[in-house]
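To keep things clear, I will list the structure first and then write my remarks on it.
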Amino acid sequence: MIKYLLQKEVLQIRRNAFLPRLIVIFPIMVMCVLPWVMSMEVKNIVVDIVDNDHSVISQQLVHKIESSNYFIFHGQPASYSEALSNIEHSKSDVVIVIPPHYSRDLTTGNVPQVLIAANAVNGTKGAMGASYLSKIVTSHVNPNIEAILSRITTLNLYNKHQNYKLYMIPALLAIVMMLMCGFLPALNIVGEKEAGTIEQINVTPVPKWAFIMAKLIPYWIIALFVVTVCLLLAWGIYGITCKGNLVLIYLMAMLLALFFSSLGLIISNYSDTMQQAIFVMWFFVVILLLLSGLFTPTRSMPSWAYLTTYVNPMHYFIDAVRTVFIKGGRLHDINYQVTALASLTSVMAIWAVLSYKKNK
């Protein structure tokens, strides 16, 4: 019985002019574009420098800032008020003011007071820009600090080159599967409701569990295809490969695909129109995504918000996949995440079967 229901689902997907293209193109676009733009590294900070000393030493500091890869040198305004006006008109991000007698203070052993004013409307950019400038100014004021820092050796155990793409690619797997295996099932049953074809299923002796399984299995296959495409693109474009066992990646992917496909079917069972299903699914997707620890560590959240991670499948998936993908973790290293995700998935799958109302 399930065989014929699966044939029906496959035919519906194949005869849809848009879905096959979406299944292929969407993961390719995500893996080719997002790793380049989803970076927390701050660059291209526009800086204005107000030099009130006009000495050779102060110009050395100006040139040192100008040669940095993190800054775009905007110019040297005549006064601080002019530089502040550039910030207010979004022409620059940071202003550094070199005080008068800067070179004399360095010569006599005094510490000059250098002002750094950052536009903190974008808090991350303002804080990082001020931090970069502070390090440059400190090393210029006290060259001995560079010699001391050069003696300090840092050993990065995982992701030795601090490649942000390596950190983001496991998270992109979760985003692709969440959108593909969440929205498509959510629209599936609602689409049949609007077309009237689901009434034909309701008058047949097909059990609820068989009907739901026939809806879920195609999206498991789609999930396996998406994960394979993403892993191949990560290897082919970025030269990034999984340090651990790929079987664990596919295991977590299957569990996450089952969770979101079950969630999509639950939403479609309670929805009457496609628009309603889309908005409800989007509501859950945004919350689960932002509270998963995808961009920022979950420990940075308030205690009440951190409690939501215990019921967030995205959090368990991203944590486990990063452990396997980057650190080369084994099954015992992600046993907690696998157990938690399997428990949440089982609840959602049972709910999906029970929520489907079949009129015999």
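The values are calculated or read from the model by the stated rules, or taken from the named source; none is laboratory data. None of these values were measured; they are calculated from a predicted model. Here the Cβ is made from the backbone with ideal geometry for all residues, glycine too, and neighbour counts use every protein chain on show.
Data for the structure
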item: Tally, over the range 189-201, of residues that are surrounded by fewer than 21 Cβ atoms within 10 Å (Cβ to Cβ) and either closer than 19 Å to LEU255 by Cα or β-branched (Val, Ile, Thr) (or both); result: 3
item: Some residue of the range 148-165 being within 23 Å of ILE28 (Cα to Cα) and either part of a helix (DSSP H, G or I) or not assigned by TED's automatic domain parsing to the domain that holds VAL33 (or both); result: yes
item: Residues that are of a type in the set (Ser, Thr, Tyr) and either touching a residue at least 60 places away in the same chain (Cβ under 8 Å) or within 21 Å of ASN86 (Cα to Cα) (or both), drawn from the range 18-66; result: SER39
item: Qualifying position, being surrounded by 14 or more Cβ atoms within 10 Å (Cβ to Cβ), over 29 Å from PHE26 (Cβ atoms) and either β-branched (Val, Ile, Thr) or in the same structural domain as LEU232 (by TED's automatic domain parsing) (or both), among VAL141, VAL176, VAL121; result: VAL141
item: Some residue of the range 255-277 being surrounded by fewer than 18 Cβ atoms within 10 Å (Cβ to Cβ), under 30 Å from SER39 (Cβ atoms) and either aliphatic (A, V, I, L, M) or assigned by TED's automatic domain parsing to the domain that holds HIS315 (or both); result: no
item: Conditions (1) surrounded by fewer than 16 Cβ atoms within 10 Å (Cβ to Cβ); (2) farther than 30 Å from LYS215 by Cα: number failed by ARG21; result: (2)
item: Residue match in the range 164-172 (condition: hydroxyl-bearing (Ser, Thr, Tyr), buried (at least 16 other Cβ atoms within 10 Å of the Cβ) and under 21 Å from VAL324 (Cα atoms)); result: yes
item: Selection count where residues are assigned to a helix (DSSP H, G or I) and more than 30 Å from GLN162 (Cα to Cα), scope the range 25-65; result: 5
item: Restricting the range 201-213 to residues that are in a helix (DSSP H, G or I) and more than 16 Å from GLN7 (Cα to Cα), the residue that is modelled with the lowest pLDDT; result: ASN202
item: The range 97-132, residues that are closer than 19 Å to TYR70 by Cα and in contact with a Ser or Thr (Cβ under 8 Å, 6 or more places away or on another chain); result: ILE116, ASN119, TYR132
item: Contacts under 7 angstrom Cβ, first residue in the range 202-218 being surrounded by fewer than 17 Cβ atoms within 10 Å (Cβ to Cβ), partner modelled with pLDDT under 75 and not hydrophobic (A, V, I, L, M, F, W, C), 6 or more apart; result: ASN202/LYS358; ASN202/ASN359; LYS208/LYS358
item: Any hit, the range 154-161, residues being within 27 Å of the chain's Cα centre (by Cα), under 29 Å from ASN52 (Cβ atoms) and at pLDDT 75 or above; result: no
item: Residue check, PHE295 aromatic (Phe, Trp, Tyr), touching a residue at least 12 places away in the same chain (Cβ under 8 Å) and either in contact with a strand residue (DSSP E or B) (Cβ under 9 Å, 6 or more places away or on another chain) or outside any helix (DSSP H, G or I) (or both); result: yes
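Yes/no matrix, rows are residues, columns are (1) out of contact with any Pro (no Cβ under 7 Å at 6 or more places or on another chain); (2) at pLDDT 90 or above:
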{"residue": "LEU265", "(1), (2)": "no, no"}
{"residue": "MET274", "(1), (2)": "yes, no"}
{"residue": "THR296", "(1), (2)": "yes, no"}
{"residue": "ALA342", "(1), (2)": "yes, yes"}
{"residue": "MET348", "(1), (2)": "yes, yes"}
{"residue": "LYS357", "(1), (2)": "yes, no"}
